[in-house]
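What follows is calculated from the coordinates using simple rules that are stated; it is not laboratory data. Being a predicted model, the structure only gives us computed values, none of them experimental. Positions of Cβ are backbone-derived with ideal geometry, glycine not excepted, and every protein chain shown enters the neighbour counts.
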Amino acid sequence: MKLLQVLNGEPVWPPPVWLMRQAGRYLPEYRATRAQAGDFISLCLNPSLAAEVTLQPIRKFGFDAAILFSDILILPMALGQDLRFTEGEGPRLPPLQHIQQLNLAKAPGIYAPVLQTVANLRASLPPQTALIGFAGSPATVSCYMLDGEGGGGFPRTRQLAYEQPGFMDNVIELLAEATITYLQGQLDAGADCLMLFESWAGIFPPAQFRKYVIAPTRRITTALRAKNPGVKIIGFPRLAGLMLGEYAREAGVDAIGLDTVTGLAEAKAACPPNTIFQGNLDPLLLKLGGKAMDEEVQSLLSSLKTRPHIFNLGHGITPDVPEQNVARLMELIRGA
Ligand code: CP3
């Protein structure tokens, strides 16, 4: 598996490629399967249909990795928080008031179908395609749990981090614990490697970044590695800015997903010499296609030639991306 070779530090040419949100609304077959499931959460909890949508982009484009189809908010749902997705508005949860509202013991019974999806995928993926399991990192998941939505910059979470750090600490600690068990379940079910999505790393000032982003991520990577020697973990500390280097040195991840605004040259300068990166084509260029996309892909590829790298976007693919642009991207990478 090319993806695992890169995560082991071997340069592979052309680089392995997959896209964040590669199973999604830009694909008509995804929309049809989601309609069959009824809604997005029912799709996440239906092991045969979730495996089917995971495989759709693999069949169509031949990506080097499949990412489990689920969502980072399935874990808070399994911990007892009500979760809804309304079309066009994104996730909604009742903002968490007390740590006692969460039930760590019941969670595995509720997310069991997700682990079954992993097992189904293990049985049906082509042998060269790596299966990536994932979870949200505690800070990012806590943002949605405490604010109840993602559109407003998480004012309640940020306020609680200053005014009720004891509550915030408890939420983060419980999430770290739950995430270790959840990801161990995914490894046991057959995931080849893992990714931790820290999409809102960028809202935390340095002291909170250390406490809520780096420390819990380190706890998760340390615990998983103790039980699964050699397991590879990709971290995605989106918009980490000048904290990127410290994250790379201390969070215990094997590779770093770069967001769209972090240049490879700048990331190389900030991180230890052998850091492996994943990314980071602007999803807007994948929507636009044409000369602008071709030129940027070629320029990204030429800067990757001598190093182990996983080609990806800098954030998730959007529903308005034309499929033929994805096909063109694959042609450019595979022809490199
Ligand atoms: O293909 C894949 O990448 C695997 C599945 C996956 C989804 N979400 C499916 C999804 C993964 C890895 C995620 C991660 C996720 N979910 C993140 C971290 C990555 C990031 O995008 O920053 C976050 C913050 C979430 C929470 C979330 N889920 C939001 C804010 C939304 C609404 C925005 C949107 O795009 O609609 C979702 C919904 C969601 N998760 C969809 C998919 C395919 C769209 C749901 C639909 O079909 O309507």
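Amide H neighbours of ILE276 under 5 Å, at least 5 residues apart or on other chains, H built in the peptide plane: list them.
Amide H to amide H, under 5 Å and 5 or more residues apart or across chains, ILE276 pairs with ILE256.
What lysines could a cross-link reach from LYS60, if we take a straight Cα to Cα line under 28 Å and drop same-chain neighbours fewer than 8 places away?
Straight-line reach from LYS60, under 28 Å: LYS2, LYS232, LYS287, LYS291, LYS305.
What are the aspartates and glutamates whose alpha-carbon lies under 20 Å from the alpha-carbon of LYS227, with same-chain residues fewer than 8 places away excluded?
In chain and number order, the partners are GLU173, GLU177, ASP188, ASP192, GLU250, ASP254.
Set the Förster radius R0 to 25 Å, insert the Cβ-Cβ distance between GLU163 and GLU250 as r into 1/(1 + (r/R0)^6), and round the FRET efficiency to 0.05.
Working from the Cβ atoms, E equals 0.40.
Please list 290-299, 169-178 highest first by mean number of surrounding beta-carbon atoms within 10 Å per residue.
Averaged packing, sorted descending, gives the order 169-178, 290-299.
Using θ = phi - 60° and the Karplus relation 6.51 cos²θ - 1.76 cosθ + 1.60, list the HN-Hα couplings for segment 71-88 in order, rounded to whole Hz, with x at every Gly or Pro.
Karplus values, whole Hz, x for Gly and Pro: 8, 5, 8, 5, 5, x, 4, 5, 7, x, 8, 5, 9, 10, 10, 9, 3, x.
Restricting to segment 2-334, compute how many DSSP beta bridges are antiparallel as a %, nearest 5.
Antiparallel bridges: around 10 percent, rounded to the nearest 5.
Can you tell me the relative contact order of segment 244-336? Whole percent, Cα pairs under 8 Å, sequence separation 6 or more.
Result for segment 244-336 is 32 percent.
Using Cα pairs closer than 8 Å and at least 6 residues apart in sequence, work out the relative contact order for the chain, in percent.
21
Multiply the residue separation of LEU264 and SER124 by 0.36 nm, subtract the distance between their alpha-carbon atoms, and state the gained length in nm to one decimal.
Using 0.36 nm per residue and subtracting the Cα-Cα distance, I get 46.9 nm.
May I ask you to list the residues of segment 264-285 whose amide nitrogen lies under 19 Å from a point 7 Å from Cα along the Cα→beta-carbon direction of SER302?
Answer for segment 264-285: 264-266, 280-282.
For LYS268, list the aspartates and glutamates whose Cα falls under 14 Å from its own Cα; do not include residues on the same chain fewer than 8 positions away.
Result set, ordered by chain and number: GLU246, ASP259.
State the extension gain, in nm to one decimal, for the chain segment bounded by ILE110 and GLU173, taking 0.36 nm per residue of separation less the distance between their alpha-carbons.
20.7 nm
What spacing in nm lies between the two simple spin-label points modelled at ILE99 and ALA292, each 7 Å away from Cα in the Cβ direction?
Taking the simple label geometry, ILE99 and ALA292 are separated by 4.8 nm.
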